[in-house]
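The values are calculated or read from the model by the stated rules, or taken from the named source; none is laboratory data. Worth saying up front: this structure is predicted, and the values here are computed from it rather than measured. Cβ: placed from backbone, ideal geometry, glycine included. Neighbour counts: every protein chain shown. What goes into the accessible areas is simple: the full protein's heavy atoms, side chains included, and nothing from ligands, DNA or RNA. Shrake-Rupley method; radii C 1.70, N 1.55, O 1.52, S 1.80 Å.
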Amino acid sequence: MRYYSLLLIGLGLLSCKKDSPTLEPLPPHEITLVYMVADNDLAPYALKDLNEIERGFVPNGRDKLLLYIDSNTSTALPSHPVLLEIVHDTTEIIASKIIASYPEQNSTDRTVMSNVLRDALSYYKGDNRYKGLALWSHGNAWLPEGYHIETENKSGVEVKSFGKDMSPREGAMELPDLAEVLSPYRFDYILFDACFMGSVEVLYELRHSARYFIASPAEILADGFPYHHLLPYLIGKLQLEKATEAYYNYYNALEGARQSATVTLVDSKQLEALASFCKQLNTSELSLAHLQQYSRNNEKYLFDLKQVLLESKATVAMEAIWQQLCKVEKHTPRFANIALTHCNGLSVYLFSKNEKLNNYYKQLSWYRATRFHFSYK
């Protein structure tokens, strides 16, 4: 009887173990992060864009939208930087949830940015994907400290490549530092809500960090991207062509100087083919009078890349590469006082007599890969 009882007990234990619930793996999330450096003269526009983001975000259980904001004027948020989990809301209040708070810090410092990306992209447990990254602030293409492209704000404060943070000390980020911060990640897309970042030098430097880029070779008006129009194409199934067109359509429908936009969707996989093609070109001096520039005050830093290639007689092969590279290119007839007659979506630098700037440029990945050094006369 004892053996029989023990056998029953053993069978009971086995059946209990078998009936124990198994833990299901957590559902994967698709994470998009907006990195908003607004501790500057763009602060009033940050709150407007945040409201647009809340209005345009419709939760689906899988997509998670986070926003880091470092601002200086909003009473709707703390005076220090915070990380928000975006929720859908159609009011003018900020309804999103604060999931992390930070001391006052320079958000263009590479260590600070690295920590914020780590916090945001590891917030949700489980098998998560890095879907999108929007970089929101001032932009200055690839240019280093000391070289400023004037914009409509005429702030007089110099930006490096990306961002401008005014406290606790003035700071900005140079392009190689931005590339280092983003190097551990591979996003489906990076969207630049910042001026002049549709530069071949910028995108080539960051080519391993995103499958696609959405950027403007010229300025972006201070109102920035109309997120309530874009987010339906960025949440759920990605429709990057429609998102890019939504930006253009929004500004093209406006009047006067407000009808100012140029935007490009770039396939990062084609940047290597473009670099290989450009490496084979014979350098020459081009006439400045015929070239499209993208800075309204004629700083002579940003010229239209495709037009430069056409001027150098690179035609048939280049056209095939360009069609694969620029999936969407849209522009209004003008941007402020600039006629966009020869706008094709990406800018490039032409060497000048400024040897200090030329030498800095030679350290960028684009130049090292191509030795591309056309100049102008």
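Taking 0.36 nm per residue of sequence separation and removing the Cα-Cα distance, the S167/K362 pair yields an extension gain of 67.0 nm.
For the options N337, N40, N72, a Gaussian network treatment of the chain with springs between C-alpha atoms closer than 10 Å singles out N337 as fluctuating the most. Within the same chain, aspartates and glutamates fewer than 8 places from K125 are excluded, and of the rest, those with a Cα less than 18 Å from its Cα are E24, E30, D63, E85. Overall, the accessible surface of the chain at a probe of 1.4 angstrom is composed of carbon and sulfur to the extent of 52 percent. In a fully extended conformation the segment linking N354 and N297 would gain 18.7 nm over its present Cα-Cα distance, using 0.36 nm per residue. A simple packing score, the average count of other Cβ atoms within 10 Å per residue, orders the peptides 239-245, 293-299 as 239-245, 293-299, with the highest score first. The fraction of Cα-Cα pairs per 10 angstrom bin, counted from 0 for segment 274-346, comes to 17, 50, 30, 3 percent, rounded to whole percents.
May I ask what percent, to the nearest 5, of DSSP beta bridges between residues of segment 277-377 are antiparallel? That works out to approximately 60 percent antiparallel. Surface exposure of the chain, expressed per residue as accessible area with a 1.4 Å probe, stands at 44 Å². Based on the Cβ-Cβ distance from V58 to S284, what FRET efficiency comes out when R0 is 51 Å, to the nearest 0.05? Efficiency, rounded to the nearest 0.05: 0.45. Going through the DSSP H helices of the chain, which span 15 Å or more along their own axis at the Cα atoms while scoring at least -1.0 as a mean Kyte-Doolittle hydropathy? Long hydrophobic helices here: 2-19, 43-56, 110-121. Each Cα pair under 8 Å and six or more residues apart adds its separation to the average, and for segment 245-377 the resulting relative contact order is 37 percent. All C-alpha pair distances within segment 23-63, sorted into 10 Å bins from zero, spread as 22, 38, 24, 12, 4 percent across the bins. Across segment 224-271, Cα-Cα distances exceeding 18 Å account for 35% of all pairs. Structure remark: mean-square fluctuation, Gaussian network model of the chain, C-alpha springs under 10 Å; the largest value among A339, A210, A76 belongs to A76. Note on M166: accessible area approximately 70 square angstrom, rounded to 10, probe 1.4 Å, nucleic acids and ligands left out. Among the GluC sites (Glu not before Pro) found in segment 74-108, those both in a DSSP coil and sparsely packed, with 16 or fewer other Cβ atoms within 10 Å of their Cβ, are E92, E104. Between T90 and S122, the simple label model (points 7 Å from Cα in the Cβ direction) yields a spacing of 3.9 nm. Listed values for segment 300-305 are Karplus-derived 3J(HN,Hα) couplings in whole Hz (6.51 cos²θ - 1.76 cosθ + 1.60, θ = phi - 60°), namely 6, 10, 10, 10, 5, 5, and x replaces Gly and Pro. Counting only residues at least eight positions apart within a chain, or on another chain, the lysines with an alpha carbon under 18 Å from that of K131 are K64, K237, K242, K269.
In summary, the aspartates and glutamates within cross-link reach of K377, defined as a Cα separation below 18 angstrom excluding same-chain residues under 8 places away, comprise E285, E299, D304, E311, E355.
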